[in-house]
Amino acid sequence: MALKIGTRGSPLARWQSDWVADQLRAAGHEVELVVIATRGDKAQAGPISAIAGGDGVFTKELQRALLDHEIDLAVHSLKDLPTAPVAGLALMAVPPRASSCDALLSRESLPFDQLPQGATIGTGSLRRRAQLLNARPDLKMADLRGNIDTRLRKLREGQYDAICLAEAGLDRLRLAEHVTQVFPRSLMLPAVGQGALGVEGRGDDEATRRAVSTLDDLVTHAAVLAERSMLATLCGGCLAPIGAWGRVSGDQLKLDGVVLSADGRRRLYAAGQADTSDPKKLGKQVAEQLLAQGAAELIEQCRAS
């Protein structure tokens, strides 16, 4: 019987699910893709934060299909997957991570520090918006939605002077030639889980768990578990201006975290490292540093705005 993989219908989501399907087929499994539209795909007007329910707008329908046994696996962009556990579901595999960095695409091919005063930047991410404004308060931020092709078209049409996208998505769709600059992490920390995929299934489905176990990359899994633990401890959700970067260096797991005010004027930073045996503990420790600096207040202000 074929393993049914649930996927969103965007070109990037299809690329990601096709990649997982190809790995499983290479291991001898029969696979079928099932395209499922999510609320985030259907509601293209306005910021994501305005969609009722906020978190999980790109994942809940896939999770519901899992619980209803309509599919056996769901492939998520891990940055879209809320940290709150869903009863009956489990994150079964996290494949090797692509770049976690953010990229600038500017209409005149100008790098970030050479954009004109008051330039308009398109982004649908409060995290990106806040970090860009922290670096350059003169910039104007404008909401940007749609798949990557739509966003590139809007840039070409002159609706924005520049836009900000994840480098991984551009690489996966072979659109890296449009990148003007990859942001250093010193300026912009990525979203929790950015560049990584999450393969989710039913917690009691041991046959499927065994099938996807070969996709799991222990280094990536540890890094994103630390990031997600930090986010969960902050109670920040997927939409808050929170960035994190977990990585393994030698036998050490390192984690940097940042929380900002929506206008970018306040920036709280923390970092930590530990051995790789307990990623969740490291995430909690870095979150507690941020909370001690006043992170909860900034996150609550963003929710209220």
- Note on the structure: Residue-normalised 222 nm signal for the chain, counting each DSSP H run of n ≥ 4 as -39,500 (n - 2.57), nearest 500 deg cm²/dmol, is -10000 deg cm²/dmol
- Task: Convert each backbone phi in the range 220-235 into a coupling constant with the Karplus relation 6.51 cos²θ - 1.76 cosθ + 1.60 (shift: θ = phi - 60°), then list the ³J(HN,Hα) values in order as whole Hz, x for Gly and Pro.
- Result: 4, 4, 5, 4, 6, 5, 5, 4, 5, 5, 4, 5, 5, 5, 6, 6
- Item | Derived scalar couplings ³J(HN,Hα) [the range 25-35; Karplus, 6.51 cos²θ - 1.76 cosθ + 1.60; whole Hz; x for Gly, Pro] | 5, 5, 8, x, 9, 7, 9, 10, 8, 10, 7
- Note on the structure: Low-density loop trypsin sites (Lys or Arg not before Pro), the range 203-305, at most 15 other Cβ within 10 Å, DSSP non-H/G/I/E/B, are Arg265
- Please list the non-local residues whose amide H lies under 5 Å from the amide H of Asp72, H modeled 1.01 Å from N, same-chain partners needing a gap of 5 or more. Lys4, Ile5, Gly6
- Within a Cβ distance under 13 Å of Met92, other residues only, what is the Lys/Arg minus Asp/Glu net charge? -4
- Quick one: with all protein chains in place, what share of the accessible area of the chain is carbon or sulfur, to the nearest percent (1.4 Å probe)? 49
- Item | GNM top mover of Ala87, Ala166, Ala223 - the chain, alpha-carbon springs below 10 Å | Ala87
- Item | Local net charge near Ile163, Cβ-Cβ under 14 Å (Lys/Arg +1, Asp/Glu -1) | +2
- Which pairs in the list Lys79/Lys284; Lys60/Lys254; Lys4/Lys60; Lys79/Lys254 are over 24 Å apart, alpha-carbon to alpha-carbon? Lys60/Lys254
- Note on the structure: Here the range 267-275 yields Karplus 3J(HN,Hα) values (6.51, -1.76, 1.60; θ = phi - 60°; whole Hz; Gly and Pro given as x) of 9, 10, 10, 8, 8, x, 8, 7, 6
- Task: Grab the other residues whose beta carbon is less than 11 angstrom from that of Met1, score K and R as +1, D and E as -1, and report the net.
- Result: -2
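Working with all protein chains in place, sort Tyr160, Tyr269 by solvent-accessible area computed with a 1.4 Å probe, largest first.
On the way: Tyr160 15, Tyr269 100 Å².
From most exposed to least exposed: Tyr269, Tyr160.
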- Given (i) 30, 23, 18; (ii) 33, 24, 18; (iii) 29, 27, 17, which label gives semi-axes √(5λ) of the Cα gyration tensor in Å as computed from the coordinates? (i)
- Residues of the chain: accessible area per residue at 1.4 Å, in Å²? 43
- Message: Below 19 Å, Cα to Cα, which aspartates and glutamates can Lys140 reach? Residues fewer than 8 away in the same chain don't count.
- Response: Asp102, Glu108, Asp113, Glu157, Asp161, Asp263
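The values are calculated or read from the model by the stated rules, or taken from the named source; none is laboratory data. As the structure is a prediction and not an experimental result, all values here were calculated from the model. Reconstructed Cβ throughout: ideal geometry from the backbone, glycine too, with neighbour counts over all protein chains shown. Just so you know, the surface numbers come from the protein's heavy atoms only, side chains and all, with ligands and any DNA or RNA stripped out. Shrake-Rupley method; radii C 1.70, N 1.55, O 1.52, S 1.80 Å.
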